[in-house]
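Following: one structure in structure tokens, then a few remarks.
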Amino acid sequence: KYLYDRLNKLKVLIIDEISMLHAKRLDMVDHVLRTLRRRDAPFGGVQVVLSGDFFQLPPVTKRTAEEKNLDDEFAFRAEVWGDLNLIICYLEEQHRQTDDGLVRVLNEMRSGELSEDAIELLRSRFADEPVADSQATKLYPHNVDVDVINASEYAKLSGPEHVYNMHGKGNPQLVEAMKSTCLAPAELRLREGALVMFVKNNFEEGYVNGTLGEVIGFDSDNGFPIVLTKSGEQILAAPMDWHIEDNGKVLAEIAQIPLRYAWAITVHKSQGMSLDSVEMDLSKAFAPGQVYVALSRARTLKGLTLYGINFGRIAVSEAVRDFDIEMQTLSQKHTKEFTSFDQKRKEELHIDFIRASGGSLTPVGPKIKVPKIPSENKTLELLKQGMTVAEIAKERGLVIGTIVSHLEKMYERGDEMPTIPMPFSKDDLHLVSDAYTMVKTSKLTPLKNYLEKKKSKLSFEDIRLARILLAIPRDSQE
């Protein structure tokens with residue numbers, strides 16, 4: 001009943017990454033909405049907004065020996081597609097890449113005519129073997145290559161190991177099916193320094209599926225990992241659940257820390273990412289669009305390193321290329337049509353859309369926005385009262401790493417800060433200074449490794465705090 005009521009109130013359905021949706025599944029969505037809404041119109045009369053790029057990866061599906069035509073799986077081959085009367089808006093501006101050479105290579109791949117100059121540009125990024133201790137993300141077409149690299153890199157880490165086992169309850173068959181398809185491993189082993197990727201969306205906690213980071217410690221209360229993301233945010237990775245419901249009743253449920261190793265990831269998992277430094281071996285590329293997707297993750301040619309490429313698989317699907325030409329033609333037609341409207345006609349269309357979507361044209365009073373006090377400001381007030389970092393964390397119900405993040409933000413903004421009580425000796429502070437001089441980087445893991453060789457027991461939070469006290473700027477790629 002919950003879904004029935006919700007789908008009957010639905011006004012607009014947005015489907016992102018449409019290239020990854022199988023044609024049959026798009027028809028299934030159409031069938032469900034027609035049935036539940038009892039209206040024989042595409043998607044039961046719901047307005048549909050589709051976004052994506054068919055040059056990206058095709059749908060992932062199990063197929064029989066007879067089902068070899070991948071082109072039939074694209075959403076534009078769905079039976080409902082021709083009934084949608086879609087208005088096409090072809091986005092032409094490119095925002096990920098900042099390198100004209102790389103943009104030229106990608107555009108030529110889309111057109112199906114890769115020039116010798118483009119091939120030479122790719123060859124110029126070839127390397128014989130991986131760089132030792134490289135912090136670049138590594139992409140491979142197959143899971144088996146990714147698993148080998150992740151296992152090898154994890155084996156290099158030292159320190160206490162924390163093991164997290166997936167828990168399930170409910171229908172045993174459904175639980176096992178969910179475990180086999182869940183992106184989080186059934187058994188997750190973590191040590192400080194592990195590169196990880198979140199595999200579930202949690203907007204409240206500040207991460208989404210694909211967020212990359214490094215394990216910098218473990219919460220003292222429950223042992224959950226603390227992850228420092230590429231953007232500098234610190235997140236406590238608590239277990240999350242995946243479940244199957246029927247009429248509001250949970251039939252099966254599994255729970256696990258939503259992380260997996262990320263020294264290497266598959267091309268498929270990388271879709272949607274933008275990477276400043278990426279290494280890839282595409283010699284085993286097997287699907288149309290796979291090479292294109294991998295190369296388009298890089299922002300620049302300088303940030304791209306190739307250990308191999310299958311030039312025989314570099315071509316994109318001919319069906320997609322033909323369809324793309326059709327989309328560009330329709331987009332030009334619709335652009336010309338809409339730019340011919342006068343202001344009155346545009347306003348009429350806006351009003352019609354608001355009403356059709358269940359909105360109101362009745363004016364409402366302005367909302368009074370109460371300015372939100374930045375979290376670090378609350379930390380600053382307690383610091384001014386002479387409290388230590390540990391005392392502030394306890395007072396605010398936060399982990400110590402989060403309080404250190406506040407201090408880092410204030411330091412980088414140039415805020416006037418009171419004296420920060422040191423939770424370690426002056427000798428330890430000098431040791432961190434020596435480590436920074438010797439390893440020539442402010443990244444946490446190299447500093448921690450150096451300090452461990454010196455028999456130091458400083459934690460990642462201690463090192464971060466020492467960087468502030470020593471006025472050492474954080475590494476931009478941390």
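Condition check ((1) within 22 Å of Ser158 (Cβ to Cβ); (2) in contact with a strand residue (DSSP E or B) (Cβ under 9 Å, 6 or more places away or on another chain)) across all residues:
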site	(1), (2)
Pro374	no, no
Leu382	no, no
Arg413	no, no
Asp427	no, no
Asp434	yes, no
Val439	yes, no
Leu444	yes, yes
Leu458	yes, no
Scan of the stretch 247-291 for residues that are farther than 17 Å from Leu212 by Cα and among the charged types (D, E, K, R), ordered by number: Lys249, Glu253, Asp281, Lys284
Residues (exposed (fewer than 14 other Cβ atoms within 10 Å of the Cβ), at pLDDT below 90 and either touching a helix residue (DSSP H, G or I) at 6+ places or on another chain (Cβ under 6 Å) or under 19 Å from Tyr292 (Cα atoms) (or both)) located in the stretch 78-97: Leu91, Glu92, Glu93, Gln94, His95
Sole residue being hydroxyl-bearing (Ser, Thr, Tyr), modelled with pLDDT under 85 and either out of contact with any Phe, Trp or Tyr (no Cβ under 8 Å at 6 or more places or on another chain) or surrounded by 15 or more Cβ atoms within 10 Å (Cβ to Cβ) (or both), chosen from Ser357, Ser456: Ser357
Residue selected from the stretch 137-174 under the condition charged (D, E, K, R) and open to solvent by less than 80 Å² (accessible area, probe 1.4 Å), by the criterion farthest from Lys284 (Cα to Cα): Glu161
Selection within the stretch 291-323 - modelled with pLDDT under 90, open to solvent by 10 Å² or more (accessible area, probe 1.4 Å), within 16 Å of Leu57 (Cα to Cα) and not in a loop (DSSP other than H, G, I, E, B): Tyr292, Arg313, Glu318, Ala319, Arg321
Filter pass, Ser134 being under 24 Å from Glu452 (Cβ atoms), within 22 Å of the chain's Cα centre (by Cα) and modelled with pLDDT under 90: yes
Some residue of the stretch 414-429 being assigned to a helix (DSSP H, G or I), surrounded by 13 or more Cβ atoms within 10 Å (Cβ to Cβ) and not basic (Lys, Arg): yes
Criterion (of a type outside the set (A, V, I, L, M, F, W, C), more than 22 Å from the chain's Cα centre (by Cα) and open to solvent by 10 Å² or more (accessible area, probe 1.4 Å)) met by exactly one of Lys249, Lys269: Lys249
Hits in the stretch 387-410 - residues which are of a type outside the set (S, T, N, Q) and either in a loop (DSSP other than H, G, I, E, B) or over 15 Å from Glu233 (Cα atoms) (or both): Met387, Val389, Ala390, Glu391, Ile392, Ala393, Lys394, Glu395, Arg396, Gly397, Leu398, Val399
Strands (runs of 3 or more DSSP E) fully within the stretch 161-280 counting 1 or more residues that are in contact with a helix residue (DSSP H, G or I) (Cβ under 6 Å, 6 or more places away or on another chain): 167-170, 212-218, 225-229, 234-236, 240-246, 249-256, 259-261, 264-266
Count of the stretch 213-225 residues which are at pLDDT 85 or above and either surrounded by 17 or more Cβ atoms within 10 Å (Cβ to Cβ) or more than 15 Å from Ser459 (Cβ to Cβ) (or both): 8
Test: residue in the stretch 78-91 that is assigned to a helix (DSSP H, G or I) and touching an Asp or Glu at 6+ places or on another chain (Cβ under 6 Å): no
Residue match in the stretch 181-194 (condition: more than 26 Å from the chain's Cα centre (by Cα), more than 22 Å from Ser274 (Cα to Cα) and small (Gly, Ala, Ser)): no
Residue pairs meeting the criteria (Cβ under 8 Å; at least 6 apart or on separate chains; first of a type in the set (S, T, N, Q), in the stretch 415-444; second in a loop (DSSP other than H, G, I, E, B) and open to solvent by 50 Å² or more (accessible area, probe 1.4 Å)): Ser433/Leu470; Ser442/Pro473; Ser442/Arg474
Among (1) in contact with a strand residue (DSSP E or B) (Cβ under 6 Å, 6 or more places away or on another chain); (2) farther than 24 Å from Leu57 by Cα - the single one Thr339 does not satisfy: (1)
Any pair with Cβ under 6 angstrom, 6 or more apart, that starts in the stretch 381-410 at a residue that is closer than 18 Å to Arg474 by Cα and ends at one that is in a loop (DSSP other than H, G, I, E, B): Met410/Met417
Any hit, the stretch 297-310, residues being under 24 Å from Glu92 (Cα atoms), free of Cβ contacts under 8 Å to residues at least 12 places away in the same chain and of a type in the set (Val, Ile, Thr): no
In the stretch 226-242, residue farthest from Glu408 (Cα to Cα) [restricted to those that are touching a residue at least 40 places away in the same chain (Cβ under 8 Å) and open to solvent by 60 Å² or more (accessible area, probe 1.4 Å)]: Pro239
Qualifying positions in the stretch 1-40 - acidic (Asp, Glu) and either in a strand (DSSP E or B) or in contact with a Pro (Cβ under 9 Å, 6 or more places away or on another chain) (or both): Asp30
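The values are calculated or read from the model by the stated rules, or taken from the named source; none is laboratory data. Computed from a prediction, not measured in an experiment: that's the story for all the values here. Note that each Cβ is placed from the backbone with ideal geometry, even for glycine, and that neighbours are counted across all protein chains shown. For the accessible areas, the whole protein counts, side chains as well, though only heavy atoms, and no ligand, DNA or RNA atoms are used. Shrake-Rupley method; radii C 1.70, N 1.55, O 1.52, S 1.80 Å.
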